[in-house]
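Below is one structure, written out as structure tokens; the observations come after it.
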Ligand code: UDP
Ligand code: MG
């Protein structure tokens, strides 16, 4: 059996060597043949230099360096496309996905599972981050057609046919948690304890997380559009009821002019709702726009097979 480990790296010069050592140590007792596929996602530190060094020393190391930072989704896709294993594990470079779990994942793969998900608990996370995630998953699972689990991230093993299934989904906007759930196959999850990042720092900011949440909501269905329709319907019904009341009371009690507050509140309220709904529609149109351009997900500038310049000469 052949195992590929795919590692997206963005400014991880502090981690790649350590990760490689940890993966090698964790898999040395296994009979599986190992290949480690690093993807340098346009790092501007010494990540690429470190990868060249690793690949020169160890023939089981492959790498692809992207022409700029395309984001983790694109980097993972690049890695999956290069991975040749019967099973592929995707893991972060910062050792937050402990390599010592690899043997366990392979064991489960050999029992016939196509997706083995390592689910992290949120011990050690900041309170608000945890709260935000919980709320997000509760909301998303109500709105989205596929089920997403909190803590079930990108640390997972995929069988060859699961990888091929993911690769057969051509969409430009990739929300891989949703893609993995969408493809199905025999799936098993097990829990592990969250570990602190080793070296470097997290690339997630609050803004990025918020956008990620929106992506999750919008990538998998048109239910937000449905919600907009229902909101519009509810408001119309309320407005008609109120109008009837106003007309009837004017007829019964004579002409009656006050109502400044009502007018201002309804103008601002309706304006806000309309803008939000326009925004939702705009998001879907924007997605269509990007999908129709059919641009590649990433561009590669170098792999271990194409290194020509002397290592360390250029970034
Ligand atoms: N990553 C990437 N491209 C990006 C951002 C992140 O390839 O644009 C990689 C990063 O190098 C790491 C993994 O994705 O291996 C997870 O990133 P990070 O540790 O910053 O996220 P967190 O663990 O905080 O969720
Ligand atoms: Mg991390």
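Rule-based calculations on the coordinates, nothing more; no lab input. As the structure is a prediction and not an experimental result, all values here were calculated from the model. Cβ coordinates were reconstructed from backbone atoms using ideal geometry, including for glycine residues, and neighbour counts include every protein chain displayed.
As a check on your grasp of the helix formula, calculate [θ] at 222 nm for the chain: sum -39500 (n - 2.57) over DSSP H runs of n ≥ 4, divide by the residue count, round to the nearest 500.
Rounded to the nearest 500, the figure is -16000 deg cm²/dmol.
Any chance you could run the full-extension gain for residue 275 through residue 190? It's 0.36 nm times the residue separation minus the Cα-Cα distance, nm to one decimal.
Gain on extension, residue 275 to residue 190, equals 26.3 nm.
Hey, what D do you get for the stretch 19-174 in µm²/s if you plug the Kirkwood alpha-carbon radius into Stokes-Einstein at 4 °C and 1.567 mPa s?
75
Report the gain in length on full extension from residue 131 to residue 234: 0.36 nm times residue separation, minus Cα-Cα distance, nm rounded to one decimal.
Values: separation 103, 0.36 × 103 = 37.08 nm, distance 3.03 nm.
My answer for the length gained is 34.1 nm.
Evaluated at 4 °C with a viscosity of 1.567 mPa s, what Stokes-Einstein diffusion coefficient in µm²/s does the stretch 87-130 have when Rh comes from the Kirkwood expression over alpha-carbon pairs?
Roughly 107 µm²/s, to the nearest whole number.
Which peptide among 217-227, 73-83 comes first, and what is the full order, when sorted by highest mean count of other Cβ atoms within 10 Å?
Highest-to-lowest ranking by the protection proxy: 73-83, 217-227.
Taking the DSSP beta bridges in the chain as the whole, what percent of them are antiparallel, to the nearest 5?
Roughly 30 percent of the DSSP beta bridges within the chain come out antiparallel.
Which three lengths, in whole Å and largest first, does the stretch 154-269 cover when its Cα atoms are put on their principal axes?
76, 34, 28
How many nm separate the modelled label positions at residue 268 and residue 59, each set 7 Å beyond the Cα in the direction of the Cβ?
7.2
Name the residues of the stretch 70-84 whose amide N is less than 16 Å from a point 7 angstrom out from the Cα of residue 167 along the C-beta direction?
Residues 74-84 qualify, since their backbone N sits under 16 Å from the label point.
Starting from the Cα gyration tensor of the stretch 1-40, take the square roots of the eigenvalues, sort them a ≥ b ≥ c, and report rounded, prolate or oblate (rounded when a/c is under 1.5, otherwise prolate if a/b is larger than b/c, else oblate).
Oblate, since a/c reaches 1.5 and b/c is not below a/b.
Write down the Å³ per residue value for the convex hull defined by the alpha carbon atoms of the chain.
Considering the Cα atoms of the chain, their hull volume per residue is 161 Å³.
Plugging the Kirkwood radius over Cα pairs into Stokes-Einstein for the stretch 65-149, at a temperature of 4 °C and a viscosity of 1.567 mPa s, what D comes out in µm²/s?
Here the translational diffusion coefficient equals 82 µm²/s.
To two decimal places, what compactness ratio does the stretch 95-190 give when its Cα radius of gyration is scaled by 2.2 N^0.38 Å?
This ratio for the stretch 95-190 stands at 1.14.
Once you compute Rg and the Kirkwood Rh from C-alpha atoms, what is the Rg to Rh ratio for the stretch 222-293?
Working: Rg = 17.8 Å, Rh = 14.7 Å.
Using only Cα positions, Rg/Rh for the stretch 222-293 is 1.20.
Can you give me the relative contact order of the chain as a percent, contacts being Cα pairs under 8 Å and 6 or more apart?
Computed value for the chain: 23 percent relative contact order.
For labels at residue 285 and residue 306 in the simple 7 Å Cα→Cβ model, what's the distance in nm?
Taking the simple label geometry, residue 285 and residue 306 are separated by 3.8 nm.
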